1. Report the full-extension gain for the segment residue 126 to residue 147: residue separation times 0.36 nm, less the Cα-Cα distance, to one decimal in nm.
2. Report the gain in length on full extension from residue 36 to residue 113: 0.36 nm times residue separation, minus Cα-Cα distance, nm rounded to one decimal.
3. Leaving out ligands, DNA and RNA but keeping every protein chain, what accessible area does residue 77 have, in Å² rounded to the nearest 10, with a 1.4 Å probe?
4. For the range 138-145, what does the Karplus curve 6.51 cos²θ - 1.76 cosθ + 1.60, with θ = phi - 60°, yield as ³J(HN,Hα) per residue in whole Hz, taken in order and with x for Gly and Pro?
5. Could you put 6, 96 in order of accessible surface area, largest first, with the 1.4 Å probe and the full protein assembly present?
6. Treating cross-link reach as a plain straight distance, find the aspartates and glutamates whose alpha-carbon is under 16 Å from the alpha-carbon of residue 101, omitting any fewer than eight places away in the same chain.
7. Multiply the residue gap between residue 15 and residue 168 by 0.36 nm, knock off their C-alpha separation, and tell me the result in nm, one decimal place.
8. Please find the FRET efficiency linking residue 156 to residue 2, where r is the Cβ-Cβ separation and R0 is fixed at 45 Å, and quote it to the nearest 0.05.
Amino acid sequence: MKCQRCDRPATYHITELTGPTPVEVHLCEQHAHEYLSGGSKATVEMTQVAEQVAQHYAKHMAVGQAAEEMRRADQQTCPYCGISFYKFRSQGRLGCPYDYKAFREQLEFLLANIHGETRHKGKRSSKPPEVAARRTELIRLRREMREAVDAEEYERASQIRDEIRRIEAEVV
């Protein structure tokens, strides 16, 4: 969690119980010292009231916007594997490497909050990128074959099956 006054990590989590409702404040070390050693009691109370009102309005405005954005995001699907963003949120797993491109906007925010970074800095796969591309192609073809069977297009499904077998023979 980030400090409410700057972009540094919040290391102090203060709950004020002086008003009618508890107020949570999340601050970095520097801002926590300023907050705790703040000016007169009246100034601190006025600041707290102003912050409460601002947070209240911001929360209500943000909830409506966030809900609409989430509905739009949940309807997005990956063109390769067909997974929807809603299914990803439900399962916690992506369907293929191209999901990172399909859901880039949503994943960047999520990864930044979880890892503090949006760029990979760890180990890379020892397999060449062509193998990963072939596996992604297999995922797409299997989805297409399922769709063809569901639509009772058996000839098309058998052609896709043959293509899958050809690629599997190459990859192994």
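The values are calculated or read from the model by the stated rules, or taken from the named source; none is laboratory data. Bear in mind the structure is a predicted one, so any value in this text is a computation, not a measurement. Positions of Cβ are generated from backbone atoms using ideal geometry, with glycine treated the same way; all protein chains shown enter the neighbour counts. Areas reflect the complete protein model, heavy atoms only, side chains present, ligands, DNA and RNA absent. Shrake-Rupley method; radii C 1.70, N 1.55, O 1.52, S 1.80 Å.
1. Gain on extension, residue 126 to residue 147, equals 4.3 nm.
2. Additional length available on full extension: 25.0 nm.
3. 80
4. With coefficients 6.51, -1.76 and 1.60, one gets 4, 4, 4, 5, 5, 5, 4, 5 Hz.
5. Solvent-accessible surface, decreasing: 6, 96.
6. 74, 137
7. Stretched fully, the residue 15-residue 168 segment lengthens by 49.3 nm.
8. 0.30
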